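The values are calculated or read from the model by the stated rules, or taken from the named source; none is laboratory data. Small disclaimer: the values here were computed from a predicted structure and weren't measured. Methodologically, a virtual Cβ is constructed for each residue, glycine included, from the backbone with ideal geometry; neighbour enumeration extends over all protein chains shown. In case anyone asks, the SASA skips ligands and DNA or RNA and just uses the protein heavy atoms, side chains included. Shrake-Rupley method; radii C 1.70, N 1.55, O 1.52, S 1.80 Å.
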Amino acid sequence: MTYPDELPITPRTKPPSATITVPGSKSITNRALVLAALASRDGPCVLEGALQSEDTEVMVTCLNRLGFPVRPNWAACTIHVFENATDRIIPAISADLDVANSGTTMRFLASAVSLGNGSYRLDGVKRMRERPIADLLDAFRQLGVEAISEEGNGCPPIRIRANGWMNSRVSVRGNVSSQFLSGLLLAAGWAHEDTTIVIEGALVSAPYVEMTLEMLAPWIEQYGRSGDALVVITNRKDPPERYIIEPDASAASYFWAAAAITEGRVTVTGLNRKSIQGDVRFVDVLAQMGCRVEECDAGITVHGKPLHGVDVDMNDISDTVMTLGAVACFAGGPTTIRNIAHIRHKETDRIGALATELRKLGAEVEERPDGMTITPRPLTGGAVDTYNDHRMAMSLALVGLQVPGLVIRNPGCVAKTYPGFWEDFAKL
């Protein structure tokens, strides 16, 4: 798929009335790939509804380099993870892995290879080399695994030399990225013995950890909780013959937000409040702002209504912060977003980048270390930068539904998680 260098957004002439089907969840696809690969000595698994995107393609490529027989059929949205015929949990005894800009691939595969018997190196793009991973490396060392940051700065590239986990208890901080804990949980079921993982301090993006725990169920018999600790029981089940991946709730947020901004009606199919993805709760924020939310057999529908500002803690659903930032520009009164300091370590500093770009368009934004307040002002069009961050591109495009002259620079960055976004956006 090819993209222009710049993409003008055409304002809607009337409120949209649309039904949208978003692709499979990136977060679920990459977790399921790791689980199916680690379990592949016990049998094959087919992932259905899988997402094709840069992040999932990177994960597949890296798993192949590790010797796992993973074969996608992207046209059918399926990935076949065939049986690992070796006696090693990680087939390759050495590998040099390029994770590009995929944080889930970096954190989850680092955890997986720490179970192996060999030497592994993981690296990525320039931004990946700025994203902290020291807490996860420290966790590996507690488990008896040699793990270092090559530059000594706690960031990739990293080297891991492992002979399985030597210890059964590990602690990890939770305030930088929930993916550190999720990576350990994905791997722990294949350790030599039951593993106790202690969470130190507050946990950011907790619903993503709950998603990981939900996803363990088809592969792992059980896990337990004891205060701030999670105990993973190494009593594995036969791998499921197939695993069905939900539509991406983070991607759905842009279309629900479009209904809010335009006072239109948008249904996103295949999602309901029973979803294992915390970001489905973004519709509750829209309801607080005045929208009507309707759940039915088809999915979740947002009916846009006149909006008012809110004061909301977005720690649990922080991937939708930028979406809310766009909606806030059209509310009656200021919107305050709190407790999101950790998103400064994402594909870009998402607090700083969002504040900068909304100010370009005329919004009043007060930036704080852990959040921001957006006060609506008359907006004007202009070219906005996306910082090679897919969520910045998709969120800022929402402003163009109402404001003429908006241009998205580097619109192709959406390929990271949603290559077909612009086609679906045009359906509005």
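Looking across the range 270-289, the residues that are open to solvent by less than 30 Å² (accessible area, probe 1.4 Å) and not charged (D, E, K, R) come down to L271, S275, Q277, G278, V280, F282, V283, V285, L286, M289. Scanning the range 144-188 for residues being more than 20 Å from I220 (Cα to Cα), of a type outside the set (A, V, I, L, M, F, W, C) and part of a loop (DSSP other than H, G, I, E, B) gives a total of 11. Restricting L396, L354, L358 to those that are touching a residue at least 24 places away in the same chain (Cβ under 8 Å), over 24 Å from S53 (Cα atoms), in contact with a strand residue (DSSP E or B) (Cβ under 8 Å, 6 or more places away or on another chain) and in a helix (DSSP H, G or I) reduces the list to L358. For the range 4-20, residues that are among the β-branched types (V, I, T) and either farther than 22 Å from G412 by Cβ or exposed (fewer than 14 other Cβ atoms within 10 Å of the Cβ) (or both) total 3. From the list I337, I276, the lone residue that is in a loop (DSSP other than H, G, I, E, B), among the hydrophobic types (A, V, I, L, M, F, W, C) and closer than 27 Å to R107 by Cβ is I276. Look at the range 173-185: where a residue is at pLDDT below 90 and a partner is open to solvent by 10 Å² or more (accessible area, probe 1.4 Å) and of a type in the set (D, E, K, R), sitting 6+ places away or on another chain with Cβ atoms under 6 Å, you get V176/D135.
Among the listed residues D123, D138, D96, which satisfies the condition of being among the acidic types (D, E), more than 18 Å from the chain's Cα centre (by Cα) and either at pLDDT below 95 or open to solvent by less than 40 Å² (accessible area, probe 1.4 Å) (or both)?
Result of the check over D123, D138, D96: D123.
Of all residues in the range 144-156, none satisfies being open to solvent by 10 Å² or more (accessible area, probe 1.4 Å), over 22 Å from the mean Cα position of the chain (by Cα), at pLDDT below 95 and closer than 30 Å to T320 by Cα.
May I ask you to list the residues in the range 260-269 that are within 21 Å of T417 (Cβ to Cβ) and either surrounded by fewer than 20 Cβ atoms within 10 Å (Cβ to Cβ) or out of contact with any Ser or Thr (no Cβ under 8 Å at 6 or more places or on another chain) (or both)? T269 - this is the single residue of the range 260-269 that is within 21 Å of T417 (Cβ to Cβ) and either surrounded by fewer than 20 Cβ atoms within 10 Å (Cβ to Cβ) or out of contact with any Ser or Thr (no Cβ under 8 Å at 6 or more places or on another chain) (or both).
When restricted to residues that are in a loop (DSSP other than H, G, I, E, B) and surrounded by fewer than 22 Cβ atoms within 10 Å (Cβ to Cβ), the range 399-428 contains 9. Taking the listed residues V312, V293, the one that is outside any helix (DSSP H, G or I), of a type in the set (A, V, I, L, M, F, W, C) and touching a His at 6+ places or on another chain (Cβ under 9 Å) is V293, with no other qualifying. Looking across the range 99-120, the residues that are in contact with a helix residue (DSSP H, G or I) (Cβ under 7 Å, 6 or more places away or on another chain) and surrounded by fewer than 22 Cβ atoms within 10 Å (Cβ to Cβ) come down to A100, N101, G103. Could you please let me know if A191 is farther than 30 Å from E423 by Cβ, assigned to a loop (DSSP other than H, G, I, E, B) and out of contact with any strand residue (DSSP E or B) (no Cβ under 7 Å at 6 or more places or on another chain)? When the stated conditions are applied, A191 passes them. Scanning the range 253-273 for residues that are in a helix (DSSP H, G or I) and touching an Asp or Glu at 6+ places or on another chain (Cβ under 8 Å) gives S253, F255. Take A252 and tell me if it is over 30 Å from W190 (Cβ atoms), crowded, with 21+ Cβ neighbours inside 10 Å and either at pLDDT 95 or above or out of contact with any Lys or Arg (no Cβ under 6 Å at 6 or more places or on another chain) (or both). Yes; evaluated as a whole, the condition is true for this residue.
Return the total of residues in the range 44-81 being under 19 Å from the mean Cα position of the chain (by Cα) and either among the acidic types (D, E) or open to solvent by 50 Å² or more (accessible area, probe 1.4 Å) (or both). So the count comes out to 7.
Scan the range 258-268 for residues that are over 9 Å from G304 (Cβ atoms) and hydrophobic (A, V, I, L, M, F, W, C) and jot them down. Residue satisfying the conditions is V268 alone. In the range 198-236, what residues are assigned to a strand (DSSP E or B) and free of Cβ contacts under 8 Å to residues at least 40 places away in the same chain? V198, I199, E200, I220, Y223, G224, R225, S226, A229, V231, listed by residue number.
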